[in-house]
Amino acid sequence: MTCQTTSLAEALLNADPDAPPPQTLPEGAHTVAVGVADLNGVLRGKRVSASHWPSVARRGIALDNTFFSMDVTSQLTPNSYSGPESGYPDLFVIPRGPLRPIPWEEGVWMTLGRAQDHLGNPVPIDPRQPLLRAVARARAMGFEVQIGAELEFYLLDPATRRPREKRMECYGLARAAELEPVLGPIRRHLEAMGVPIEQSNPEFAPGQVEVNLRYGPALAAADHAALLRGMVKQLARQHGLIASFMAKPFIEHSGSGFHMHHSLWRDGRNAFAEDGRLNALGRAYLAGLQRHMAQMSLVGSTTPNAYRRRKPYTYCPVNASWAVDNRTVGLRVIEGADAAVRIEKRDGAADANPYLLMAAEIEAGLRGIEMGWEPEPPSAGDAYAEARHDPLPASIAEALRLAHGSTFLREALGEQMLELLITQAERELAKVEEQVTPVEIERYLEAM
């Protein structure tokens, strides 16, 4: 990047993610993409011309109220907010956060937003709303929530929908060099957009990649994760590839996760740290995550496919265990320098909604602080082999059962948001269950 683009990237990184963007566009801008993440974290919105931008900056873009309830195929999920009885009126996506350049489209800029109705009320099924509430609650307690995210995805051949390479080369620098014509532009372009990618590497399967985002304020971190997913898919297409964040595209290979690194800060210092160790406040936050981890499963693993990840010895946790620097647990504590002390929650799937996932996790941690909880004793070694920990749901049916009965999720996400999440998951499960699979054909067609 040039000095000018570096300066812009730094300004974007430090910008308030919930402040109105400027009404005056940068020189040469002719188009602005205004987007918001739907229930599945897919960015949806409109592109507006530069001449229309001052009006959009003030009043937002109008979309019909169903788009938050669209599934991944754009089919509508029934719900009490945007069903046919509502008449499908407009809602308005009001731009929030900075204007970001799209480096591979000259003259095109982008901003995210939050939704409101025609009276100016927040839309209860906008995934940004629960996170705004969680961040505000933390702030009222005197804390700034900092989140760092790790996201895994596959790069696939569009013709075969399979990885082009056959061998796993986890962390392999030779393989990283082969991927650099794709991953290099992804890192540089996203950095120019103010999305702080720290590093990338080949992961634990052919075609699988991990990208690490630098920690930052929670709302900005969710924006960065949503932008990363949307923009990576665009950039992969330019290189003749499909980028897939599907949780478990291949049963024989590693699933793709979405790990969150949590810390709370106060007066510029890490409130979790004491002499490089997790302190009492951090342990209480950890206890909140641990107690609510199973009932939060549906937020981090929203499809039947996501539960295919949850197998022992796959680097995906199967229980609500914790330990210091142990990758067999659900909650990994990282210690060292005070600024680096944090809690990594490891069970989320790469296709989860970042706003809902962060909101639920933050609310769980804050509840642990409010209640003064202590975590269970840490794991010693192989947490997969320890039976004393609360198991995480092994199927979406079990996750749905827990979500239905969760007062915590109703409070954290809101009644209508949780209703929509549950209804979509039930529809996804029904869709999968009504199929005859290739495995059934292979095993039974001729034999029976």
Check region 132-433 and count each lysine pair with an alpha-carbon distance under 26 angstrom, considering only pairs eight or more places apart or from different chains.
11
May I ask which residue of A412, M231, G381 lies farthest towards the positive end of the charge dipole of the chain, with charges of +1 (Lys, Arg) and -1 (Asp, Glu) on Cβ and the Cα centre as origin?
M231
In what order do C316, C170 fall by count of nearby beta-carbon atoms within 10 Å, going from fewest to most?
C170, C316
At the level of C-alpha centres, the distance separating region 177-239 and region 392-448, in angstrom, is 29 Å
With contacts defined as alpha carbon pairs under 8 Å and 6 or more residues apart, what's the relative contact order of the chain in percent?
16 percent
Taking the alpha-carbon centre of each part, the distance from region 326-361 to region 7-23 in Å is 26 Å
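Order these by the 10 Å Cβ neighbour count, fewest first: I197, I441. Present the calculation step by step, with values, prior to reporting the outcome.
Values: I197 19, I441 10.
The fewest-first ordering by Cβ neighbours comes to I441, I197.
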Amide H of G97: which non-local residues (sequence gap of 5 or more, or other chain) have their own amide H closer than 5 Å, using H built in the peptide plane?
D18, A19
To the nearest 20 debye, what charge dipole does region 3-120 have about its Cα centre, counting +1 at the Cβ of each Lys and Arg and -1 at the Cβ of each Asp and Glu?
160 debye
GNM of the chain, Cα pairs under 10 angstrom: of A50, A359, A37, the biggest fluctuation goes to A50
Ranked output for segments 90-96, 396-402 by mean other Cβ atoms within 10 Å, highest leading, reads 90-96, 396-402
In terms of the alpha carbon gyration tensor, root eigenvalues a ≥ b ≥ c, rounded if a/c is under 1.5 and otherwise prolate when a/b exceeds b/c or oblate, region 290-382 is oblate
In deg cm²/dmol, rounded to 500, what helix-only [θ] at 222 nm does the chain give when every DSSP H run of at least 4 residues adds -39500 (n - 2.57) and the total is split over its residues?
-10500 deg cm²/dmol
Hits among aspartates and glutamates - C-alpha to C-alpha of K46 under 15 Å, sequence gap 8 or more where chains match:
D38, D64, D90
Please state the relative contact order of region 205-286 as a whole percent: Cα pairs under 8 Å, 6+ residues apart?
15 percent
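Bear in mind that the values in this text are calculations on the coordinates, not laboratory data. No experiment lies behind these values; they were computed from the predicted model shown. As a convention, Cβ positions derive from the backbone with ideal geometry for all residues, glycine included, and neighbour counts pool all protein chains shown.
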